[in-house]
Amino acid sequence: MQREMVEERQDIVRYRYTFSEEDIAGQTEKEYQRLRANLEIPGFRKGKAPLNLVKNAINRQELLTRLMTYFGEQIQEDIEKEMENILDYSFEEGFKQEEKSMVFPVIVYRKPEVTLPEYQTIEVKKPVPSEEMIAIWREETLKMMLKDHSALSPKDTEAVYGDKVVFYYQVMNAEEKQLYSSKEETLLLEAENKTPMVEQLVGKKAGDSFAFERSFDSKEAPGEKLNFSYHVQVKEVYQLIPPEPNDAFAHEVSEELETIEDLYQHLDKSNKAYFDAVAAKNSKEQIKTALLEKSKVDFSPETVQLYLERHTEEMKKSGRYNQSKDSFPSEEEYLEHLRSEIREMLTLSWSIDKVAKGQNISVTDEKVQQMIRSNPEAFENNPEKFLAKYKNDPEYRYQIKSNIVDEEVLDYLLTQVTIVDEEFTDEKRTSEAPESSAESQESTTREEE
């Protein structure tokens, strides 16, 4: 076997592997001997027929397939033994017959050169909540807590926003066949909730019965509408009477809290911790964006095409390819969109990989097992199920290890980049931070209770 480099460019190398007439003859003889051992020819015991009869009985295509398989294994062994930083390799074509030799053109994909930016040149904007924002979050969280601890007072007047309504309902199709009958349901009427049920319940009283119609697009027949009627019976309407925000209320929320001031400090600390977690996540996203923009990864169009073919093959197997493709004007535009996504994915992945290697960041099986067991809520409160999956599913094992390495690399980079504090005020607020913070606090107080 002879290996000759044909081209070296960026992260790919093209080779010609040539097997001489002597190579072919020697391996052909070995293949005949292997085939002879299992061949039955009339008049001879199994494996004992003369070799010339064996050669006449063997299908040439079968022999050729066996030769190609053997030579392919030789090439693979040579690549894996002799070359470093190999991502993959492929035969660009089938073998070529040149005079009395066999030639295999091979392309080898190597890990590309990655040039990282100076970490200090990455500027991360870190929002710092103003006293005004902390006070606003405190007020919003307190409102939700007071609502959650409200007493329910039955009322015989019409339901308004802010009331709770207890009701039953049935769903009927266009032929008046009952499709669903609910159990007793309770719903807080909030003006922000624009669902038809909330809008219909406003203005109703205990004992009222009513019906309303809804239409949905048919999944089986696109363009057609399916009509349903909802028959609702109101059982009770309750007015919420919130408690006074005083020392007694604070102690009701948690026995560790003695005064309302203690509760305010507890809320501020909790809301600030949640906001800091959101800000840290946002900071990591900024770092990832900067790595995409500033890192230089010298990979070739052939490497992008390799990953594109793998990705589209997986999508076709799962049935997602055509559905995704149809949202683009043409298949070529869709493929170009995928190429762009793959280039970004490879740039970020290899940049993070270089940081990880430079800082000796790696993940052991023991570390993964400890992480899964120490965070049961993140694993459906069934860590053993995911530990078994980690053990038996190589793809899942690779993915979870990669995720942990990514997080540890980003945690490290957070200590290296330039952080610029920006005051977060009411003008800059988003609905995510205070609302989610309030929801988080509500969950926390329930756990304490």
With the condition kept exactly as written, say whether any residue in region 290-313 is open to solvent by less than 90 Å² (accessible area, probe 1.4 Å), within 23 Å of the chain's Cα centre (by Cα), within 29 Å of THR425 (Cβ to Cβ) and at pLDDT 95 or above. yes
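Among the listed residues GLU422, GLU408, identify the single one that is in contact with a Pro (Cβ under 9 Å, 6 or more places away or on another chain) and either in contact (Cβ under 8 Å) with a residue 40 or more places away in the chain or assigned to a strand (DSSP E or B) (or both). Before the answer, list the steps.
Numbers: GLU408 fails: in contact with a Pro (Cβ under 9 Å, 6 or more places away or on another chain).
From the options GLU422, GLU408, the qualifying one is GLU422.
Specify which of the listed residues (LYS235, LYS269) is surrounded by fewer than 12 Cβ atoms within 10 Å (Cβ to Cβ) and more than 28 Å from the chain's Cα centre (by Cα). Even if it seems obvious, please write down each step before you answer.
Details: LYS235 fails: surrounded by fewer than 12 Cβ atoms within 10 Å (Cβ to Cβ).
On inspection, the qualifying residue turns out to be LYS269.
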What single numbered condition from (1) in a helix (DSSP H, G or I); (2) open to solvent by 90 Å² or more (accessible area, probe 1.4 Å) fails to hold for GLU258? (1)
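Hey, which of the strands (runs of 3 or more DSSP E) in region 99-167, taking only ones fully inside, have at least 3 residues that are surrounded by 15 or more Cβ atoms within 10 Å (Cβ to Cβ) and out of contact with any Cys (no Cβ under 7 Å at 6 or more places or on another chain)?
Values: elements: 101-110, 123-129, 151-154.
Filter on region 99-167 gives 101-110, 123-129.
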Please tell me if TYR230 is touching a Phe, Trp or Tyr at 6+ places or on another chain (Cβ under 6 Å), closer than 30 Å to GLU158 by Cβ and part of a strand (DSSP E or B). yes
Residue that is surrounded by the fewest Cβ atoms within 10 Å (Cβ to Cβ) [pool: residues in region 379-403 that are more than 13 Å from the chain's Cα centre (by Cα) and among the hydrophobic types (A, V, I, L, M, F, W, C)]: ALA388
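Say we look at region 54-98 and pick out the residues that are assigned to a helix (DSSP H, G or I) and among the aromatic types (Phe, Trp, Tyr); which of these is least open to solvent (accessible area, probe 1.4 Å)?
So in region 54-98, the residues assigned to a helix (DSSP H, G or I) come out as 54-57, 60-82.
Cutting the leftovers down to among the aromatic types (Phe, Trp, Tyr) gives us 70-71.
Working: TYR70: 67, PHE71: 3 Å².
Only one residue fits best here, namely PHE71.
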Output yes when any residue across region 204-220 is in contact with a Phe, Trp or Tyr (Cβ under 7 Å, 6 or more places away or on another chain) and touching a residue at least 24 places away in the same chain (Cβ under 8 Å), and no when none is. yes
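The values are calculated or read from the model by the stated rules, or taken from the named source; none is laboratory data. Since the model is a prediction, treat every value here as computed from it, not as a measurement. So basically every Cβ, Gly included, is an ideal-geometry build from the backbone, and we count neighbours across all protein chains shown. SASA here: full protein model, heavy atoms, side chains in, ligands and nucleic acids out. Shrake-Rupley method; radii C 1.70, N 1.55, O 1.52, S 1.80 Å.
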